[in-house]
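A.B. asks: Sharing a structure with you now.
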Amino acid sequence: MEKTVVLVKPDGVNKRVIGKIMTYLEDAGFKLSAGKFIRLTDDIIDRWYAHHKDKSFFPDLKKFMMETPVMAMVWEGEGVVAKVREICGPTDSLKAPKGTIRGDLGTDIQHNVVHASEDESNAKREIGLLFSQEEIISY
């Protein structure tokens, strides 16, 4: 079964919308396979956002992602990667339609409450950065 990662980012944690975000995904028919609160480390963020390391906004992104623990989750289902990205909406919350997670709960491009894996390859890499195989329960 296809799996993807969803992170509730620090702004989502601070807004106390973890349950709301989970409801969007459960209502779409996806199953939660793993979840935990985790404080992202320098190493995880450097590997997670390796494609952004040389960009001017990286230090601010890193600081933001370390403000609070994040809620890290693995969701599974048919076509889950693409469908979860649709449910999340565009990265910039100002451009995200109402009815999407970012359109309803986010405020801008950085404060968009969630991260969702870009594709299956990234989903596998991100799962490996945050979860052991024992933590993932498929049912």
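The values are calculated or read from the model by the stated rules, or taken from the named source; none is laboratory data. The model shown is predicted, which means the values in this text are computed figures rather than measured ones. We place every Cβ from the backbone using ideal geometry, glycine too, and count neighbours over all the protein chains shown. Surface areas here come from the heavy atoms of the whole protein model, side chains and all, with no ligands, DNA or RNA. Shrake-Rupley method; radii C 1.70, N 1.55, O 1.52, S 1.80 Å.
A.B. asks: Only residues of region 48-69 count here: report those whose backbone N is under 17 Å from the spot 7 Å along Cα→Cβ of residue 92, or say none.
C.D. replies: Correct set: 57.
A.B. asks: Here's something else I'd like to know. When ranked by the protection proxy of mean other Cβ atoms within 10 Å per residue, highest first, what sequence do the peptides 25-31, 55-61, 102-108, 10-16 form?
C.D. replies: 102-108, 10-16, 25-31, 55-61
A.B. asks: Additional query: Please state the charge dipole magnitude for the chain, taken about the Cα centre, from unit charges on C-beta atoms (+1 on K and R, -1 on D and E), reported in debye and rounded to the nearest 20.
C.D. replies: For the chain, the charge dipole is close to 320 debye.
A.B. asks: Here's something else I'd like to know. Cross-link list 20/83; 31/62; 31/83; 36/124; 9/98; 3/63: which exceed 21 angstrom alpha carbon to alpha carbon?
C.D. replies: Checking Cα-Cα distances, 31/62; 3/63 exceed 21 Å.
A.B. asks: State, as an integer percentage, the relative contact order of region 38-123 based on alpha-carbon contacts under 8 Å between residues 6 or more apart.
C.D. replies: 22 percent
A.B. asks: May I pose another question? Would you kindly state how much longer the chain becomes between residue 43 and residue 1 on full extension, computed as 0.36 nm times their sequence separation minus their alpha carbon distance, in nm to one decimal?
C.D. replies: So the chain would gain 12.2 nm between residue 43 and residue 1.
A.B. asks: Can you bin region 31-139 into rounded, prolate or oblate? Criterion: square roots of the alpha carbon gyration tensor eigenvalues sorted a ≥ b ≥ c, rounded for a/c under 1.5, prolate for a/b above b/c, oblate for the rest.
C.D. replies: Note, shape of region 31-139 comes out oblate.
A.B. asks: Pick out, from 73, 132, 107, the residue whose Cα sits farthest towards the positive end of the charge dipole of region 65-139, with +1 on the Cβ of Lys and Arg and -1 on the Cβ of Asp and Glu.
C.D. replies: 107
A.B. asks: Accessible area per residue for the chain in Å², computed with a 1.4 Å probe and the full protein assembly in place, what is it?
C.D. replies: Accessible area per residue, the chain: 52 Å².
A.B. asks: Then there's this: Indicate the gyration tensor shape class of region 1-81 (rounded, prolate or oblate), computed on the Cα atoms with a ≥ b ≥ c the square roots of the eigenvalues: a/c under 1.5 is rounded; otherwise a/b larger than b/c is prolate and the rest oblate.
C.D. replies: Prolate, since a/c reaches 1.5 and a/b exceeds b/c.
A.B. asks: Roughly how many percent of the accessible protein surface of the chain is carbon and sulfur, given a 1.4 Å probe and a whole-percent answer? Walk me through the numbers on the way to the answer.
C.D. replies: Working: 3790 of 7240 Å².
Heavy-atom surface of the chain belonging to carbon and sulfur, 1.4 Å probe: 52 percent.
A.B. asks: Multiply the residue gap between residue 122 and residue 135 by 0.36 nm, knock off their C-alpha separation, and tell me the result in nm, one decimal place.
C.D. replies: Extra length available between residue 122 and residue 135 comes to 2.8 nm.
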